[in-house]
Amino acid sequence: MSRKTTVVAIALLALGLTGCGSDRDALTIYSGRTQNLIGPLLERFNKETGIAIDVKYGDSAELALLLDEEGDRTPADVFLSQSPGATGFLAGKGHLGQLEAGVLDKVDARFRNGDGRWVGISGRQRVLVYNSELVTEAELPDSVLGLIGDRFAGKVAIAPANGSFQDFVTAMRQLEGEEATQTWLKAMVANKPRTYANNNAIVEAVSRGEVEMGLVNHYYNYRFQQESPGTPSRNHTFADGDVGALVIPATASVLGGTDKTEEATRFLHFLLTEESQRYFSGLERTVELIRSSGLSGA
């Protein structure tokens, strides 16, 4: 074991945090939120409560599949997901427990499961980022469904493989129906959109005028504006109620088979405190800045 690894291991044990796989009595969390983002909150929860934590980090969808495979044998007590789709998959499979009213009541009904199986702990809104030197906001549609036709041919950027774009399409299927969603997707493909790997790449391309506009999460362009106040990129928010203005929640849930319901519930209450919510609102942008710099994955 290297000196660096030893130091990290000692630090984690001192905080009561470690990777999954130990036999000690700890609250086990499977987290699709990255260590950069959620780690400091886990440390603070441990310090404030004395509850030891084991955590497994990974991709939200992959962790959901693992939880489904593990079933009743899973060591997990809590699931934190970047994507509501992964949580919905587990809820549909009957793996998630019922949350108490005290947790559910802290979250707007729009951002919690109707059956009380999960709550949103932070969120990001879908917007259309556009280059104000190439197009005026008055020229942009009130609905994402209007981003088709000759006017927008070759001028819209998307990130098809990105989780947030996939969550958006899933929401469109639920809100607009399969047929309408398929029609929109085919029309977008016919318009030959510019495709990029992620939201960050889209905002960069729009900012330098490579493409007029693109579908992204709201906070990416905020960072660009903070770094370079002269950037011509702007956020256009679609009309209230439009699927293009979707707010995508990151979620927290408790596994149905846990024997640590009290500790897990206490943790969810902690995530929904005013202090934790302030942390999320500030750190979402910071983490994206670090990720875009290439210093770490997120």
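Against the definition (of a type outside the set (V, I, T), crowded, with 20+ Cβ neighbours inside 10 Å and over 22 Å from G163 (Cβ atoms)), how does E227 come out, yes or no? Spell out the reasoning first.
Working: of a type outside the set (V, I, T): yes; crowded, with 20+ Cβ neighbours inside 10 Å: no; over 22 Å from G163 (Cβ atoms): yes.
No.
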Query raised in the report: Out of the stretch 160-200, which residues are under 19 Å from R110 (Cα atoms), open to solvent by less than 20 Å² (accessible area, probe 1.4 Å) and either at pLDDT 90 or above or of a type in the set (K, R) (or both)?
Result: F168, M172
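Determine whether A161 is small (G, A, S), in a helix (DSSP H, G or I) and over 21 Å from S233 (Cβ atoms). Don't jump to the end; show me each part of the working.
On the way: small (G, A, S): yes; in a helix (DSSP H, G or I): no; over 21 Å from S233 (Cβ atoms): yes.
Spelling it out, it is not the case that A161 is small (G, A, S), in a helix (DSSP H, G or I) and over 21 Å from S233 (Cβ atoms).
Each row is one residue, and each column tells you yes or no for (1) surrounded by 15 or more Cβ atoms within 10 Å (Cβ to Cβ); (2) modelled with pLDDT of 90 or more; (3) out of contact with any helix residue (DSSP H, G or I) (no Cβ under 9 Å at 6 or more places or on another chain).
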| residue | (1), (2), (3) |
| --- | --- |
| R223 | yes, no, no |
| T231 | yes, yes, no |
| G241 | no, yes, yes |
| I248 | yes, no, no |
| T265 | yes, yes, no |
| L271 | yes, yes, no |
| L295 | no, no, yes |
Query raised in the report: Right, E48: surrounded by fewer than 22 Cβ atoms within 10 Å (Cβ to Cβ) and out of contact with any Phe, Trp or Tyr (no Cβ under 8 Å at 6 or more places or on another chain) or not?
Result: no
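Going by what's in this entry, would K56 be described as open to solvent by 60 Å² or more (accessible area, probe 1.4 Å), closer than 19 Å to Q277 by Cβ and outside any helix (DSSP H, G or I)?
Working: open to solvent by 60 Å² or more (accessible area, probe 1.4 Å): yes; closer than 19 Å to Q277 by Cβ: no; outside any helix (DSSP H, G or I): yes.
Spelling it out, it is not the case that K56 is open to solvent by 60 Å² or more (accessible area, probe 1.4 Å), closer than 19 Å to Q277 by Cβ and outside any helix (DSSP H, G or I).
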Query raised in the report: Looking only at the stretch 131-158, which residues are open to solvent by 20 Å² or more (accessible area, probe 1.4 Å), under 22 Å from F224 (Cβ atoms) and in a loop (DSSP other than H, G, I, E, B)?
Result: S132, E133, L134, T136, K155
Requested in this report: Please list, ordered by first then second residue, the pairs with beta carbon atoms under 7 Å, 6 or more apart or interchain, first in the stretch 242-264 and farther than 21 Å from Q166 by Cα, second of a type in the set (D, E) and open to solvent by 40 Å² or more (accessible area, probe 1.4 Å).
Outcome: G257/D72
Query - Any pair with Cβ under 7 angstrom, 6 or more apart, that starts in the stretch 39-52 at a residue that is part of a helix (DSSP H, G or I) and ends at one that is modelled with pLDDT of 95 or more and among the basic types (K, R) - result: T49/R266
**Report entry** Exclusive hit being touching a Ser or Thr at 6+ places or on another chain (Cβ under 8 Å), open to solvent by 40 Å² or more (accessible area, probe 1.4 Å), small (G, A, S) and not in a strand (DSSP E or B), set A61, A86, A91
**Finding:** A61
Report task. Of the numbered conditions (1) farther than 14 Å from G256 by Cα; (2) buried (at least 16 other Cβ atoms within 10 Å of the Cβ); (3) at pLDDT 95 or above, W118 fails exactly one; give the number of that condition. Result -> (1)
**Report entry** Residue match in the stretch 65-74 (condition: open to solvent by 10 Å² or more (accessible area, probe 1.4 Å), closer than 21 Å to E263 by Cα and not in a helix (DSSP H, G or I))
**Finding:** yes
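The values are calculated or read from the model by the stated rules, or taken from the named source; none is laboratory data. Computed from a predicted structure; not experimentally measured. Glycine gets a Cβ as well: all are built from the backbone with ideal geometry, and neighbour counts include every protein chain shown. When the accessible area is computed, the model is the full protein with side chains, heavy atoms only, and any ligands, DNA or RNA have been set aside. Shrake-Rupley method; radii C 1.70, N 1.55, O 1.52, S 1.80 Å.
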